[in-house]
Amino acid sequence: EAQVTQNPRYLITVTGKKLTVTCSQNMNHEYMSWYRQDPGLGLRQIYYSMNVEVTDKGDVPEGYKVSRKEKRNFPLILESPSPNQTSLYFCASSPGRGNQPQHFGDGTRLSIL
Amino acid sequence: QQPVQSPQAVILREGEDAVINCSSSKALYSVHWYRQKHGEAPVFLMILLKGGEQKGHEKISASFNEKKQQSSLYLTASQLSYSGTYFCGTGKASDMRFGAGTRLTVKP
């Protein structure tokens with residue numbers, strides 16, 4: 001089954017404790033991205049990757065890191081999480097450039113205390 | 001820049017129609033529409049490309065007017081399953097901007 005898989009689905013942690021949210025897709029998609037969703041703000045792009053070893057900042061990259069060492073995986077790293085990063089996070093993938101639909105993972109709800 | 005959606009929320013009875021609008025201050029070449037049910041991931045509905053072509057998905061259709069820099073989503077004879085938050089997205093995947101969403105509630 002074609003899917004985007006995120007882990008964990010839920011996480012409660014404390015300020016400053018490094019965490020990684022994994023994202024994996026099995027559709028051989030070139031493009032992957034991370035979004036955060038906050039009430040009233042919709043989806044905002046954090047980082048995106050056009051292919052292996054190619055990443056770039058989205059609209060709200062501060063406090064986040066990403067890597068794309070393999071085509072299928074695109075982890076999101078919070079080196080020193082803070083309460084303002086409490087949010088619902090989605091990973092998405094699409095076949096490539098241009099106007100292709102994005103396939104979203106089920107989301108990861110992070111709470112930083 | 002984020003596109004602007006209107007209305008922010010709408011409540012319908014089953015069988016009623018609704019229109020959701022999405023407008024941008026920048027030139028539009030394409031518009032994506034997604035629906036997100038509560039607690040779930042956004043799901044792709046359709047893409048509209050420059051040229052004003054209308055698309056359809058079930059009884060949901062959309063139009064795209066690049067001159068007015070806006071798109072409209074039309075939900076006809078709404079069903080309970082149409083409830084959710086609808087998002088428009090503008091730009092390419094690498095720099096897509098989503099609207100804040102329109103929450104649609106369909107009641108029996």
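Just so you know, all these numbers are worked out from the coordinates, no wet-lab data involved. The structure presented is a predicted model; accordingly, all values stated were derived computationally and were not measured. Every residue, glycine as well, gets a Cβ built from its backbone with ideal geometry; the counts of neighbours run over all protein chains shown.
Quick look at the numbers
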read-out	value
Measure of compaction for the range B:7-94 (Cα Rg per 2.2 N^0.38 Å)	1.06
Cβ-derived FRET efficiency at R0 35 Å, A:Ser67 paired with B:Asp17, nearest 0.05	0.15
Net charge, B:Ala41 excluded, C-beta distance under 15 Å - Lys, Arg +1, Asp, Glu -1	+2
Two-decimal ratio, chain A, of alpha-carbon radius of gyration to 2.2 N^0.38 Å	0.99
Viscosity 0.692 mPa s, 37 °C: Kirkwood-radius Stokes-Einstein D of the range B:58-108 over Cα pairs, µm²/s	262 µm²/s
Cβ neighbours within 10 Å from other chains - mean over B:82-92	2
Only Lys, Arg (+1) and Asp, Glu (-1) charged, at Cβ; chain B dipole about Cα centre in debye	200 debye
Fully extended contour minus Cα-Cα distance, from B:Lys68 to B:Val43, at 0.36 nm per residue	6.4 nm
Centroid-to-centroid separation of the range B:15-43 and the range A:86-113 [C-alpha atoms, Å]	16 Å
Inter-chain shielding of B:93-106 (mean C-beta neighbours from other protein chains, 10 Å cut-off)	5
For residues of B:42-48, the mean tally of beta carbons on other chains within 10 Å	4
In range of the label at A:Ser80: residues from the range A:18-53 whose backbone nitrogen is under 13 Å from the point 7 Å along Cα→Cβ	A:18
Diffusion coefficient, µm² s⁻¹, Stokes-Einstein with Kirkwood Rh over alpha-carbon pairs of the protein assembly as shown at 37 °C and 0.692 mPa s	184 µm²/s
